[in-house]
Amino acid sequence: MKNSLLFGRMSPMAKEAKFNRTTFHVGDKVKVFQKIQEGDKIRNQPFEGIVLGIKGCGENKTFIVRKIAASGVGVERIWPLNSPWIEKIDVLRKAKVRRAKLYHLRSHPKKIKFASEKQDKAKKAKKK
């Protein structure tokens, strides 16, 4: 009986998030513009990468973005969705994924297929 109560309260995993009017999903390639304060000045610093996961609900929602740095080292950042330090989020590419969390991309970073690339290949095949 306890198990049924637990499963009744659980919410589904978050596969998408909304920031202002931008909606992004797990697997999308995004550019997050973060405000950086240096002394008296505030500047925007972009962080471009793939959304590995979205978790939480309501005000506690966070998302993880991973990119490969210049030396080939993976860099991940976790942001709260309602952070005042996020200026805007741009979606560069949409992806079609079957998982809610893409943690396996940490060891296989080239496995993701972007939806725009699939559409381009399909259009080229139809033209031939």
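For the range 73-119, residues that are in a loop (DSSP other than H, G, I, E, B) and modelled with pLDDT under 80 total 6. Scanning the range 39-46 turns up no residue that is farther than 19 Å from K101 by Cβ and at pLDDT below 85. Can you tell me which residue in the range 63-99 is farthest from the chain's Cα centre (by Cα), limited to those that are loosely packed, with under 14 Cβ neighbours inside 10 Å and small (G, A, S)? So, considering only residues that are loosely packed, with under 14 Cβ neighbours inside 10 Å and small (G, A, S), the one farthest from the chain's Cα centre (by Cα) is S71. Residue count for the range 11-45 under the criterion of being farther than 23 Å from A70 by Cβ and assigned to a loop (DSSP other than H, G, I, E, B): the result is 11.
Assess whether G74 counts as being closer than 17 Å to V26 by Cα and among the small types (G, A, S). Here the answer is no, as G74 does not meet what is asked.
Here's the yes/no breakdown for (1) without any contact (Cβ under 8 Å) to a residue 40 or more places away in the chain; (2) β-branched (V, I, T):
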{"site": "R21", "(1), (2)": "yes, no"}
{"site": "F33", "(1), (2)": "no, no"}
{"site": "K41", "(1), (2)": "yes, no"}
{"site": "E48", "(1), (2)": "no, no"}
{"site": "I54", "(1), (2)": "no, yes"}
{"site": "A69", "(1), (2)": "yes, no"}
{"site": "P80", "(1), (2)": "yes, no"}
{"site": "W85", "(1), (2)": "no, no"}
{"site": "L92", "(1), (2)": "no, no"}
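A count restricted to the range 46-72 and to residues that are in a loop (DSSP other than H, G, I, E, B) and of a type outside the set (S, T, Y) stands at 6.
The values are calculated or read from the model by the stated rules, or taken from the named source; none is laboratory data. A quick note: this is a predicted structure, and the numbers were derived from the prediction, not measured. Reconstructed Cβ throughout: ideal geometry from the backbone, glycine too, with neighbour counts over all protein chains shown.
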